[in-house]
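Accompanying notes for the structure given below.
Just so it is clear, none of the values below were taken in a lab; they were calculated from the coordinates. Since the structure is predicted, the reported quantities are computational estimates derived from the model, not experimental observations. Note: ideal-geometry Cβ built from the backbone for every residue, glycine included; neighbour counts use all protein chains shown.
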Amino acid sequence: MTASPEIVDRETWSRERQALLVREKAHTREGDAIAAARRRLPMTEVDATATLVGPNGPVPFLDVFDGRDQLIVYKHMWHLGAGIEGQCEGCTASIFDVHDASYLNHRGVSFAIFCEGPWEEIAPYREFMGYTLPWYSMIGIEDRGVGAGLLDDPGYLACYLRVGDRVFLTNETIGRGTEIAMLQAQLLDLTVYGRQEEWEDSPSGWPQHRSHTWWAKDGRPVPQWTRPGATPAVRRTEVCC
């Protein structure tokens with residue numbers, strides 16, 4: 001039987017919950033302070049003349065802004081020739097919950113995915129996954145501020161500001177910083193068992209699995225099992241993220 005929390009009366013539960021709420025509010029205020037500092041970061045110019053590849057061929061970087069002044073890009077890693085099921089579970093988890101950018105657009109921000117794979121492999125993957133936001137291949141882009149990235153390998157979020165025909169990189173975040181877009185990970189954090197992974201500090205007897213398995217199942221990224229035609233696949237042995 002799976003372990004569970006202690007059972008207490010409603011008054012005790014309310015007291016404990018209120019005590020945690022004080023810490024949660026402090027965490028929120030610290031997050032607001034960090035966001036304020038983030039808005040004051042300097043920016044660095046990137047190659048506004050870079051060209052990506054979309055469904056209709058070459059696309060100028062400036063066109064990806066879709067007439068808006070700001071752009072958020074998720075840089076998606078790619079395993080060449082690995083097929084749909086062989087792509088990164090972490091990147092899938094990072095963007096699967098971002099299907100609509102209406103609220104971003106309302107504030108003058110566009111959203112796109114830049115992928116290090118070739119368009120002929122990206123296109124069937126995007127269709128299979130049901131993604132509706134724009135994807136582009138960034139193969140051949142020399143400026144790492146636009147392409148592969150300044151922080152590390154792809155698998156992160158980058159923010160840009162357009163000023164006329166010039167483009168500036170204003171922020172990048174990688175690793176757990178991308179969890180800002182992972183709605184379901186954050187919802188799991190609200191539950192009693194959390195993400196149910198070994199790295200979490202949980203009480204004895206809580207269900208815990210190998211780290212980074214909440215986003216993978218039977219050789220595929222978890223959301224792929226909701227797609228028609230998904231079948232079991234042989235798991236790659238190399239670490240993808």
For this session: Filter the GluC sites (Glu not before Pro) in segment 100-149 to those in DSSP coil with at most 14 other Cβ atoms within 10 Å of their Cβ, and list the result.
Result: GLU142
For this session: Would you kindly state how much longer the chain becomes between ARG29 and GLU127 on full extension, computed as 0.36 nm times their sequence separation minus their alpha carbon distance, in nm to one decimal?
Result: 31.3 nm
Exercise. Taking Cα atoms, how many degrees apart are the long axis of helix 10-38 and the longest axis of the chain, rounded to 10 and kept between 0 and 90?
Worked result: 20 degrees
Problem set entry | Additional length obtainable on full extension of the chain from ARG15 to ASP66, 0.36 nm per residue less Cα span | 13.3 nm
Exercise. Can you give the translational diffusion coefficient of segment 46-179 in µm²/s, computed by Stokes-Einstein from the Kirkwood radius over Cα pairs at 25 °C and 0.890 mPa s?
Worked result: 166 µm²/s
Exercise. When only alpha-carbon atoms count, how far does the chain stretch along each of its three principal axes, as whole angstroms with the largest first?
Worked result: 63, 46, 28
Exercise. List the chymotrypsin sites (Phe, Trp or Tyr not before Pro) in segment 131-221 that DSSP assigns to loop (not H, G, I, E or B) and whose Cβ has at most 12 other Cβ atoms within 10 Å. Which are they?
Worked result: TRP199
For this session: With springs connecting C-alpha atoms under 10 Å apart, model the chain as a Gaussian network and identify which of GLU200, GLU89, GLU24 has the largest mean-square fluctuation.
Result: GLU24
Exercise. Under a point spin-label approximation (7 Å from Cα along Cα-to-Cβ), what is the TRP225-HIS79 distance to one decimal in nm?
Worked result: 1.7 nm
Exercise. Which FRET efficiency, nearest 0.05, do ASP100 and GLU197 yield, Cβ-Cβ r, R0 41 Å?
Worked result: 0.90
For this session: Take every DSSP beta bridge whose two residues both sit in segment 46-179, then give the antiparallel share in percent to the nearest 5.
Result: 65 percent
